[in-house]
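Heads up, the thing below is written out as structure tokens.
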Amino acid sequence: MKLYELLENNAGTSLGNIEISAITDDTRKVAEGCLFVCVKGGSFDGHSAAAEMLEKGAAAVVVEHDLGLGDKQIITANSRKLYGQLCSAWFGHPERKLRMIGVTGTNGKTTITSVIKHILMANGHKTGLVGTIQNEIGDEIIHTENTTPMTFEFVGLLDRMVKAGCEFVVMEVSSFGLCQYRIGSSWFETAVFTNLTQDHLDYHKTMEEYYQAKKMLFDICDCAIVNTDDDYGRRLFGEISCKKLGFSVKEKADFYADSISIKSTGSKFTLCTNSGNYAVSSRIPGMFNVSNLTAAVAVCLRCGIAAEDILSAIAAYNGVKGRCEIIPTNRDFTVICDYAHTPDAIENILRSVKEYTENRLICLFGCGGNRDAAKRPKMAAAAAEYADKLIITSDNPRNEDPGQIISEILTGLENSDVPYDVVTDRREAIYHALKIAEKGDIIVLAGKGHEDYQVLAGMQRVHFDEREVVADGLKLL
């Protein structure tokens, strides 16, 4: 591709309209004639390798300041942002050929995006999905490592969706993806804000910084659909300038849920809108899922799907793996697997499950290592608010001492009289939960959800699927 075509006037150069063979920000992928983009990361600054990359054969380098490399350097104010624009240009702007729907927030992204995709597909619209659990092109499943893929991979994925005939793409848009400009030149037809609670402060440092990262999505969309039950959602609603619609399960809004009924088998409610009221029946339980469904319906109505077709698709939807997922036991107690790994998420799942628990609510959880430590006692306090019994264990300890993580969790229980057991090994903790379960109990396994692995010391990833662990544990009873 010619350099001028690639730059699209987003940066200037005196190098001439040379042919570029590839673009990358990875020193390991530099080849003859490529354009290397110098990005400053947490542990490595690409600028330090710029001269070496030219010696290796790069045609030019993108930099944020003068490195004394003459015509071979293209200077820009933000190399991450320009790299996103370059990737979009490289693939011929696939984002312009798709109707893009983005969902951001701390909780609810996976469920909302999955429900939207299900509704669109059920109504004949081939749809791509970019998410935490996996990426999808129609019915094709593609493994993912990140909620928002890295820049070149993300735009390449959009290109694959276009070539596969997708009309829509619905995606979880992470704070990392936004502030690191991983989404290229994407523009969203509709963007959803779910909520904002403490998470990722190991990266963002403050809640304000976290909020501002999420807010970036609403500078690149036609219409915002915002959860006005959330404090940050109400703030966002007042600050953004695009077209905006609110949704709520607590009060009147552009889209709000009324006459809510929740059981272990699902939920029913009346969705009230400016254009009419609709009876919604779903197989996925939980008040938080009523909120998620309200957002999904709002998006699909805006996409032009008829209300009756939306409601029919929701009624047939079985839910998302690892999101309030019931693991079969064939016993007189229930086991639920959920990804809840923030104080707000664990509060949401337990408060919801508590409403239909016949006996005790037992919550098993831990906290990840090398992540925001400040939320550990808050997780415990939130769990103790609703659970009748806690089992404190490991999650993904990574390179931290699991015992130290647990001791920090326990500080959140200092003013609580909720009984708890500490079982550091998560497999043994699940076995313990199954052994103490009584008739009518519900066990919530929080934190892992869809994940089928644990990350242990030395960043070793080992297979760990809680569905399999529960099945093995039941054999021991």
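Tabulated data
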{"quantity": "Estimated FRET transfer efficiency when R0 is 45 angstrom, pair W187-I326 (beta carbons, to 0.05)", "calculated": "0.70"}
{"quantity": "Rounded FRET efficiency, nearest 0.05, which uses the C-beta distance separating M1 from Y356 and R0 of 51 Å", "calculated": "0.35"}
{"quantity": "DSSP beta bridges in the range 136-293 [antiparallel fraction, %, rounded to 5]", "calculated": "55"}
{"quantity": "The chain - Kirkwood radius from inverse mean 1/r over Cα pairs (Å)", "calculated": "23.8"}
{"quantity": "Percent antiparallel among DSSP beta bridges (both partners in the chain, rounded to 5)", "calculated": "35"}
{"quantity": "Pair A316, T270: separation of 7 Å Cα→Cβ label points (nm)", "calculated": "2.7"}
{"quantity": "Relative packing of peptides 355-363, 171-179 - highest average C-beta neighbours within 10 Å first", "calculated": "171-179, 355-363"}
{"quantity": "Signed unit charges on C-beta, dipole axis of the range 128-223, positive-most listed residue A164, A213, T194", "calculated": "A213"}
{"quantity": "Order by protection proxy (mean Cβ within 10 Å, highest first), peptides 230-237, 296-303, 10-17, 260-267", "calculated": "296-303, 230-237, 260-267, 10-17"}
{"quantity": "Prolate/oblate/rounded label for the range 321-477 (Cα gyration tensor, a/c 1.5)", "calculated": "oblate"}
{"quantity": "Top positive-direction residue, dipole computed over the range 249-291 with Cβ charges, set I284, T273, A257", "calculated": "I284"}
{"quantity": "Accessible carbon and sulfur surface of the chain relative to its total accessible area, %, 1.4 Å", "calculated": "47"}
{"quantity": "Cβ charges +1 (Lys, Arg) and -1 (Asp, Glu), total dipole of the range 288-446, debye", "calculated": "300"}
{"quantity": "Peptides 406-414, 55-63 ordered by average Cβ neighbours within 10 Å, highest first", "calculated": "55-63, 406-414"}
{"quantity": "Cα-based reach from K250 at 18 Å (exclusive), listing aspartates and glutamates while leaving out same-chain residues under 8 positions away", "calculated": "D229, D230, D231, D258, D344, E347, E355"}
{"quantity": "Cα gyration tensor shape of the range 61-113, rounded if a/c is under 1.5, else prolate or oblate by comparing a/b with b/c", "calculated": "oblate"}
{"quantity": "Computed magnitude of the charge dipole of the chain (debye, nearest 20; Cβ of K, R +1, Cβ of D, E -1)", "calculated": "760"}
{"quantity": "Solvent-accessible area per residue, Å², over the chain with all protein chains present [probe radius 1.4 Å]", "calculated": "41"}
{"quantity": "Around G368: net Lys/Arg minus Asp/Glu count, Cβ-Cβ under 9 Å", "calculated": "-1"}
{"quantity": "Charge dipole magnitude, Cβ of K and R +1, D and E -1 - the range 1-137, Cα centre, debye nearest 20", "calculated": "760"}
{"quantity": "Antiparallel %, DSSP beta bridges [both residues in the range 1-92], to 5", "calculated": "20"}
{"quantity": "222 nm mean residue ellipticity, helices alone, for the chain (DSSP H n ≥ 4; -39,500 (n - 2.57); rounded to 500)", "calculated": "-9500 deg cm²/dmol"}
{"quantity": "Inter-probe distance in nm under a simple model that places probes 7 Å from Cα toward Cβ, at E239 and S21", "calculated": "4.6"}
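The values are calculated or read from the model by the stated rules, or taken from the named source; none is laboratory data. As the structure is a prediction and not an experimental result, all values here were calculated from the model. Using ideal geometry, Cβ is built from the backbone for each residue, glycine included, and neighbour counts are taken over all protein chains shown. For accessibility, only protein heavy atoms count, side chains too; no ligands or nucleic acids. Shrake-Rupley method; radii C 1.70, N 1.55, O 1.52, S 1.80 Å.
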